[in-house]
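The values are calculated or read from the model by the stated rules, or taken from the named source; none is laboratory data. Since we're looking at a predicted model, the values are computed, not measured. Quick reminder, even Gly has a Cβ in these numbers, built from the backbone with ideal geometry, and neighbours come from all protein chains shown.
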Amino acid sequence: MNRDHRHDYSLRFEWGLSGATAVASDADVAVVVDVLSFTTTLSVAIDAGIEVLPYRWRDASAVQYAAAHDAVLAVDRSAAAPGSISLSPGTIRSAQGIDRLVLPSPNGSSIAYELNSSVAVCLGASLRNARAVAEWISDNYTKDTVVAVIAAGERWPDDTLRPAVEDHWGAGAVIAALISRGWTASPEAEVAALAWKVVSGEVASALCGCRSGRELVTAGYAEDVAIAAEVDHSRSVPVLREHRFVNSTNA
């Protein structure tokens, strides 16, 4: 990206890891949004005082990574036994005695892991804390700060990006809140904000009706969708510091 244009718009919007990589060098703040997976679970964990370490894969290296950081490794949703921690946010709410959690995912967590070393500030946002994230940015930065909001999306079977409308909405919720505070948005960011306004009055039904929501409900994870629909229930702002997300009050 040509830095001569960095001040054209203070708010940018992109998709997936490739989009995040493309804008990272030009952004002062990156906001990762993964509504029906990583960032909703992240917000629940931060609410509970749990530090979250993003990671790319759930494999042997993740086991080693968790051990090296004295952290619990989250398991796959489908592999979660009673008392286990997974990407399902409800498992965080029922957890006891966890201070630090490695939370791998192929989308939001992978993006955050990569951004740790390439952008000054990385935040995690979902519909649960979109307004809190926007307020924190507005309180701590001037309106000419370049903010890139990244919708994580999902993956097709060939591992290419599948844009996910719920992440478009989540990104739009952050962007709309910043626009209302006087920030200027690119056309792509404005479209995301408009998409959010369309569904903001019927979030629960919209999440249940979208492709990712239907997949989760069919698989038995309706609670995950319900928690993701808790719009602005959280005041926590997850900030990535030295490879771990902590609440902004502790950053």
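Of the listed requirements (1) within 29 Å of G220 (Cα to Cα); (2) at pLDDT 95 or above; (3) of a type outside the set (V, I, T); (4) in contact with a Gly (Cβ under 9 Å, 6 or more places away or on another chain), S94 misses just one: (2). Scanning the stretch 210-232 for residues that are over 20 Å from S138 (Cβ atoms) and surrounded by fewer than 15 Cβ atoms within 10 Å (Cβ to Cβ) yields a count of 7. Output yes when any residue across the stretch 40-55 is among the aliphatic types (A, V, I, L, M) and more than 23 Å from L123 (Cβ to Cβ), and no when none is. Checking the stretch 40-55: not a single residue is among the aliphatic types (A, V, I, L, M) and more than 23 Å from L123 (Cβ to Cβ).
Within the stretch 122-171, the set of residues being modelled with pLDDT of 95 or more and among the aromatic types (F, W, Y) comprises W136, Y141, W169. Taking first residues from the stretch 52-75 that are more than 21 Å from R241 (Cβ to Cβ) and modelled with pLDDT under 95 and partners that are surrounded by fewer than 19 Cβ atoms within 10 Å (Cβ to Cβ) and among the β-branched types (V, I, T), the Cβ contacts under 8 Å between residues at least 6 apart in sequence or on separate chains come to R58/V75. In the stretch 108-134, the residues that are without any contact (Cβ under 8 Å) to a residue 60 or more places away in the chain reach residues that are buried (at least 24 other Cβ atoms within 10 Å of the Cβ) and in a helix (DSSP H, G or I) with C-beta atoms within less than 6 angstrom, at least six apart or across chains, in these pairs: A134/V174; A134/L178.
Residue by residue through the stretch 174-210, note down the ones that are among the β-branched types (V, I, T), farther than 20 Å from F38 by Cβ and in contact (Cβ under 8 Å) with a residue 40 or more places away in the chain. Once the filter is applied, which keeps residues that are among the β-branched types (V, I, T), farther than 20 Å from F38 by Cβ and in contact (Cβ under 8 Å) with a residue 40 or more places away in the chain, the stretch 174-210 yields I179, T184, V191. Can you spot a residue in the stretch 140-158 that is free of Cβ contacts under 8 Å to residues at least 60 places away in the same chain, assigned to a helix (DSSP H, G or I) and either within 19 Å of the chain's Cα centre (by Cα) or closer than 14 Å to E14 by Cα (or both)? No, because not a single residue in the stretch 140-158 is free of Cβ contacts under 8 Å to residues at least 60 places away in the same chain, assigned to a helix (DSSP H, G or I) and either within 19 Å of the chain's Cα centre (by Cα) or closer than 14 Å to E14 by Cα (or both). Of all residues in the stretch 192-203, those that are surrounded by 15 or more Cβ atoms within 10 Å (Cβ to Cβ) and either charged (D, E, K, R) or assigned to a helix (DSSP H, G or I) (or both) total 6. In the stretch 211-251, the residue that is farthest from N129 (Cα to Cα) out of those that are among the polar types (S, T, N, Q) and either in a strand (DSSP E or B) or touching a residue at least 60 places away in the same chain (Cβ under 8 Å) (or both) is S212.
Within the stretch 22-44, residues that are among the small types (G, A, S) sit with their Cβ atoms under 7 Å from residues that are assigned to a helix (DSSP H, G or I), at 6+ positions apart or across chains, in these pairs: A24/L115; A30/A20; A30/A24; A30/L115; S37/G108. A residue that is of a type outside the set (S, T, Y), in a helix (DSSP H, G or I) and surrounded by 15 or more Cβ atoms within 10 Å (Cβ to Cβ) occurs somewhere in the stretch 179-187. Filtered by the rule that a residue be surrounded by fewer than 18 Cβ atoms within 10 Å (Cβ to Cβ), assigned to a helix (DSSP H, G or I) and touching a residue at least 24 places away in the same chain (Cβ under 8 Å), the stretch 79-104 gives G90, R93.
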